[in-house]
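Below you'll find the structure, written out as structure tokens, and then a few comments.
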Amino acid sequence: MKRDFLTSADFSAEKVQQLFELSAQMKADTQAKRHLDVLKGHCAAMIFQKPSLRTRMTFDIGMQQLGGTAIYLGPAEIALGVRESAHDIAKNLERWADLIVARVFAQADIEELARASRVPVINALSDDEHPCQAMADYFTLFERGLWGRDVRLAFIGDGNNTCCAVMTLGAVVGADVRVATPPGYEPPAAAVERARALAEESGGTLTVCNDPVEAVRGANAVYTDTWASMHVAHEAEQRRPKFQPYQVNRALLDKAGPGAVAMHCLPAHRNEEITDDVMDGPDSVIFDQAENRLHVQKAVILECMGLAGTR
Ligand code: CP
Ligand code: NVA
């Protein structure tokens with residue numbers, strides 16, 4: 001049975017922990033320049049409807065480090081939903097490729113790709129979700145000895161795809177997640193409801209509020225993302241004054257718990273949602289998050305292809 005990774009609720013806490021252990025091995029392999037050939041002869045098709053630096057690079061390099069290859073299909077190539085439907089694209093790709101990685105606008109498109117495809121589908125970001133990012137983020141904390149209930153993460157800013165992913169995966173693993181957004185920019189009610197249900201099972205907690213200072217109090221990780229995501233980029237100007245009080249700067253980070261780390265999924269709009277001193281300061285784990293995308297995704301790829309036990 002193929003396994004897809006479409007949302008941050010798809011893996012159990014136990015599975016996430018296993019994948020983090022595998023990610024740590026993957027990272028050690030790469031650092032030791034140990035080459036794996038577990039995916040020799042395998043190819044990933046990578047559909048991107050939106051721009052990307054990290055996701056494209058890390059899936060491509062990750063496939064190579066596992067012995068496989070990846071082919072990039074940009075918006076101009078396949079025009080998903082315009083030139084051809086998600087269903088028909090999947091029906092073609094499954095004949096040639098062993099894995100589909102897709103960055104889309106509508107979550108429904110990634111779900112349609114997964115329904116139609118015989119080969120696994122991994123969500124590389126949609127308007128609603130960014131599960132590979134959330135995996136890399138919690139792995140970055142895991143590497144620092146923070147796991148489950150020890151994680152007290154405050155997400156400050158827009159209740160967007162990254163926020164939903166971080167909130168949901170936090171609920172899966174039993175973290176204490178606090179979200180503070182400007183009024184009207186909270187994460188969608190359905191995502192909050194699902195995360196609350198998951199937190200109830202895991203022993204985690206979830207607070208959604210509009211007060212950044214309340215959210216960061218006692219937190220050991222303070223996370224932010226752009227105020228206007230790619231799918232709402234046209235709102236950037238109009239959002240700026242509403243989001244200004246939610247900037248992650250030194251004064252806000254100082255109100256968090258001792259030793260709190262600063263997190264951002266990138267790309268950052270420096271001195272908008274995050275200031276230079278925080279981003280480049282000693283508390284930043286932002287480029288560790290970016291580095292870890294590579295290793296966590298290799299573990300996710302192997303899991304989805306039913307090969308996680310082979311390393
Ligand atoms: N964080 C992230 O997904 O970055 P890219 O948009 O560059 O892939
Ligand atoms: N929330 C951002 C994340 C980019 C990686 C966006 O969707 O543009």
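The values are calculated or read from the model by the stated rules, or taken from the named source; none is laboratory data. Everything quoted here is computed from the prediction, not taken from an experiment. Counting neighbours? That spans all protein chains shown, and the Cβs are built from the backbone with ideal geometry, glycine included.
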What's the number of the only condition in (1) in contact with a strand residue (DSSP E or B) (Cβ under 7 Å, 6 or more places away or on another chain); (2) surrounded by fewer than 17 Cβ atoms within 10 Å (Cβ to Cβ); (3) closer than 28 Å to Arg103 by Cα that Val192 fails to meet? (2)
Go through region 254-277 residue by residue and tally those that are in a helix (DSSP H, G or I) and either in contact with a helix residue (DSSP H, G or I) (Cβ under 6 Å, 6 or more places away or on another chain) or within 16 Å of ligand 1 (Cβ to nearest atom) (or both). 1
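Among the candidates Ala79, Ala116, single out the residue that is more than 26 Å from Asp225 (Cβ to Cβ) and at pLDDT below 95.
Numbers: Ala116 fails: at pLDDT below 95.
Exactly one residue qualifies, and that residue is Ala79.
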Among (1) at pLDDT 95 or above; (2) touching a helix residue (DSSP H, G or I) at 6+ places or on another chain (Cβ under 9 Å); (3) not hydrophobic (A, V, I, L, M, F, W, C) - the single one Gln64 does not satisfy: (2)
Pick from region 1-30 the residues that are among the charged types (D, E, K, R) and more than 21 Å from Ala124 (Cα to Cα): which of them is surrounded by the fewest Cβ atoms within 10 Å (Cβ to Cβ)? Glu14
Single residue of region 51-69 satisfying the filter (under 20 Å from the mean Cα position of the chain (by Cα) and more than 16 Å from ligand 2 (Cβ to nearest atom)) that is farthest from Leu36 (Cα to Cα): Asp60
Taking region 143-175 on its own, how many of its residues are surrounded by fewer than 21 Cβ atoms within 10 Å (Cβ to Cβ), at negative phi and outside any loop (DSSP other than H, G, I, E, B)? 3
Select the strands (runs of 3 or more DSSP E) contained entirely in region 18-124, then report the ones holding at least 2 residues which are farther than 19 Å from Ser8 by Cβ. 43-48, 69-73
Consider region 274-307. How many of its residues are in contact with a Leu (Cβ under 7 Å, 6 or more places away or on another chain) and more than 18 Å from Phe59 (Cβ to Cβ)? 3
